[in-house]
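Colleague: One structure coming up, written as structure tokens, with questions to follow.
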Amino acid sequence: MKILVCGGAGFIGSTFVRRRLTQTADELVVLDKLTYAGNRANLSDIEGDPSLSIRYGFVHGDIADPTVIRKLVVNADVDAVVNFAAESHVDRSILDAEAFLRTGVVGVHILLEATRTLAAARSASGRRPPRFVQVSTDEVYGSVPVGSSVETDVLAPASPYSAAKAAGELLVQSYRATYGLDTLITRGSNTYGPFQYPEKVVPLFITNALQNLALPLYGDGLQRRDWLHVDDHADAIGVVLDRGEPGGVYNIPGTGERANVDLTRAILAQLDCPWSLVRTVEDRAGHDRRYAMDGSRLAAIGWSHRVAFEGGLADTIAWYRANEEWWRPLLNADWTAYYDRQYRKRLAESVPRG
Ligand code: NAD
Ligand code: TYD
């Protein structure tokens, strides 16, 4: 297969590219805007390995640019588009949502339009239509106090981030219903692992602890997330691409539902760092208390987890310890500006977490 991977220089996208190139004979082209979260270094091992790079290409560009997208989808005649591209951090969406909508709605629309054009050309010549995979999130369901979400549940996003992701999904569904596009949607759980930009809680708490900085725990710290290792997330998207039913929506649950306070305890224990680093700070606005998903639909097409939470977290911590040269350069002036905006007042008013 020839696949266009949008957002392939980010955390999950680069993992997908690495694993797909290793596990299949597919040809992959990455399109990435290289926002603050996109990082060419995430792909450097692939670019430096001739046995993989022969089936790989990189284009610096925006999914919301119709000229670039037409070339990469229609002219390149791809078999599939897998869209990871998004602004992905809830806290940033609360500070400023504009880019979330531009990429998550306008960008998705441009990708769908190009895929529709290609599908029409292929159908005229009797060829299989291209597949379109939209990588989405459990956050579209909103907070789930008890039980677990199934794919047919109503979407109730609570942050500008999750609202943009839900809007992207609805556009994808409309192209399925209206134009018969061969679409798929995955809803992945909170993901952790190597190469995750340090704004998200797992790498933030690991890298802060390694620098002896405070860990800002929001509110009472009893919000719950179900942690999914990035290798499992990437492989599940591959299974959906290969075996998902046209029009299908697939939850990808994790293996480790934990309260944030317990996650924090596990990180500090493994790093042998003191609990006194933890500060209770002002809560996130509109903070979802819990996410949990049912994974039977994905299991029915033959996918199961490989990485248990405890081992996955230990390996991730070891990776951040061993790869300071990857994350230290990310703590640049832009990072400091964001960090100040998000945490300075919170930390100034914080109290130790007992
Ligand atoms: P990330 O922020 O690490 O990567 C996003 C990538 O998209 C970056 O490389 C960025 O440069 C690129 N990008 C952003 N806007 C773009 C645009 N307009 N055109 C082209 N490229 C653009 O995010 P991630 O954690 O790897 O998440 C990937 C996808 O998975 C996202 O769609 C996210 O919503 C979804 N997801 C993430 C998680 C998680 O826990 N991280 C969980 C479920 C779903
Ligand atoms: P995050 O990694 O931002 O993922 P998401 O918002 O997509 O779930 O946050 C995970 C949990 O950790 C969430 O409940 C918010 C909490 N959190 C903190 O307590 N402190 C922080 O500094 C951050 C970034 C998150």
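The values are calculated or read from the model by the stated rules, or taken from the named source; none is laboratory data. Just so we're clear, the structure is a prediction, and the values are computed from it rather than from any experiment. Glycine gets a Cβ as well: all are built from the backbone with ideal geometry, and neighbour counts include every protein chain shown. Heavy atoms of the whole protein, side chains included, go into the accessibility calculation; ligands, DNA and RNA do not. Shrake-Rupley method; radii C 1.70, N 1.55, O 1.52, S 1.80 Å.
Colleague: Between beta-carbons, use under 14 Å as the cut-off and find the net charge around Arg243, counting Lys and Arg +1, Asp and Glu -1.
Modeller: On the way: positive: Arg131, Arg297; negative: Asp182, Asp235, Asp242, Glu245.
Its environment carries a net charge of -2.
Colleague: Going down the table (Lys2/Lys71; Lys200/Lys345; Lys165/Lys200), which pairs top 21 Å between alpha carbons?
Modeller: Over 21 Å apart, Cα to Cα: no pair at all.
Colleague: Go ahead and estimate [θ] at 222 nm for the chain from helices alone: -39,500 (n - 2.57) per DSSP H run with n ≥ 4, summed, over the residue count, rounded to 500.
Modeller: Working: 16 runs with 143 residues, N = 354.
Value at 222 nm, helices only: -11500 deg cm²/dmol.
Colleague: Would you list Ser123, Ser93 from the most to the least accessible area, probe 1.4 Å? It would help to have the intermediate numbers written out before the result.
Modeller: Details: Ser123 85, Ser93 5 Å².
Ranked from most to least accessible, the order is Ser123, Ser93.
Colleague: For helix 11-23, what angle does its Cα long axis make with the longest principal axis of the chain, in degrees from 0 to 90 and rounded to 10?
Modeller: Tilt of helix 11-23: around 50 degrees.
Colleague: Roughly how many nanometres apart are two label points built 7 Å out from the Cα toward the Cβ at Asp262 and Lys71?
Modeller: For the pair Asp262/Lys71, the computed spacing is 5.1 nm.
Colleague: So, one more: How big is D for the chain, in µm² s⁻¹ as a whole number, if Stokes-Einstein is applied with the Kirkwood radius of its Cα pairs at 20 °C and 1.002 mPa s?
Modeller: Working: Rh = 20.7 Å.
Answer from the Stokes-Einstein relation: 103 µm²/s.
Colleague: Name all residues of the range 141-157 having a backbone nitrogen under 15 Å from the label point set 7 Å from the Cα of Leu222 along its Cα→Cβ direction, giving them as ranges.
Modeller: Counting backbone N atoms under 15 Å from the label point, the list is 145-146.
Colleague: Mind ranking Arg341, Arg224, Arg20, Arg290 by accessible surface for me, highest first, 1.4 Å probe? Could the numbers behind the result be given before it?
Modeller: Values: Arg341 155, Arg224 85, Arg20 15, Arg290 35 Å².
Correct descending sequence by accessible area is Arg341, Arg224, Arg290, Arg20.
Colleague: What is the list of residues in the range 25-52 whose amide nitrogen lies under 18 Å from a point 7 angstrom out from the Cα of Met1, following Cα to Cβ?
Modeller: 25-31
Colleague: Something else about it: Among Ile237, Ile63, Ile46, whose mean-square fluctuation peaks in a Gaussian network model of the chain (Cα, cutoff 10 Å)?
Modeller: Ile46
Colleague: If you roll a 1.4 Å probe over the heavy atoms of the protein chains, what accessible area per residue do you get for the range 183-311, in Å²?
Modeller: Dividing the accessible area of the range 183-311 by its residue count gives 34 Å².
Colleague: Relative to the longest principal Cα axis of the chain, at what angle does helix 260-271 sit, 0 to 90 degrees, rounded to 10?
Modeller: Between the helix axis and the principal axis of the chain, the angle is about 80 degrees.
Colleague: How big is the accessible area of Glu113 in square angstrom, nearest 10, if you roll a 1.4 angstrom probe over the protein chains?
Modeller: Approximately 60 Å² of Glu113 is accessible to the 1.4 Å probe.
Colleague: Follow-up. Once you've got the GNM for the chain with C-alpha springs shorter than 10 Å, pick whichever of Glu47, Glu324, Glu199 has the biggest mean-square fluctuation.
Modeller: Sorting by GNM fluctuation, first place goes to Glu324.
Colleague: Once the Cβ-Cβ distance between Asp96 and Ala322 is put in as r, and R0 is 45 Å, what FRET efficiency do you end up with, to the nearest 0.05? If you can, show how the numbers build up before the last one.
Modeller: Values: r = 34 Å, r/R0 = 0.76.
After rounding to 0.05, the efficiency reads 0.85.
Colleague: Hey, another quick one. Note down the nm distance, to one decimal, between modelled labels 7 Å out along Cα→Cβ at Trp335 and at Val106.
Modeller: Once both label points are built, they end up 3.0 nm from each other.
Colleague: In whole Hz, what ³J(HN,Hα) sequence does the range 348-354 give by Karplus (6.51, -1.76, 1.60; θ = phi - 60°), x for Gly and Pro?
Modeller: Ordered by residue, 3J(HN,Hα) equals 4, 9, 6, 10, x, 8, x Hz.
Colleague: Next up: Could you order Tyr291, Tyr36 by accessible surface area, starting with the largest, using a probe radius of 1.4 Å? Don't skip to the answer; put the middle values down first.
Modeller: Details: Tyr291 5, Tyr36 65 Å².
Ranked from most to least accessible, the order is Tyr36, Tyr291.
Colleague: Pairing the Cα long axis of helix 160-179 with the longest principal axis of the chain, what angle in degrees results, from 0 to 90 and rounded to the nearest 10?
Modeller: In the chain, helix 160-179 runs at an angle near 20 degrees to the longest axis.
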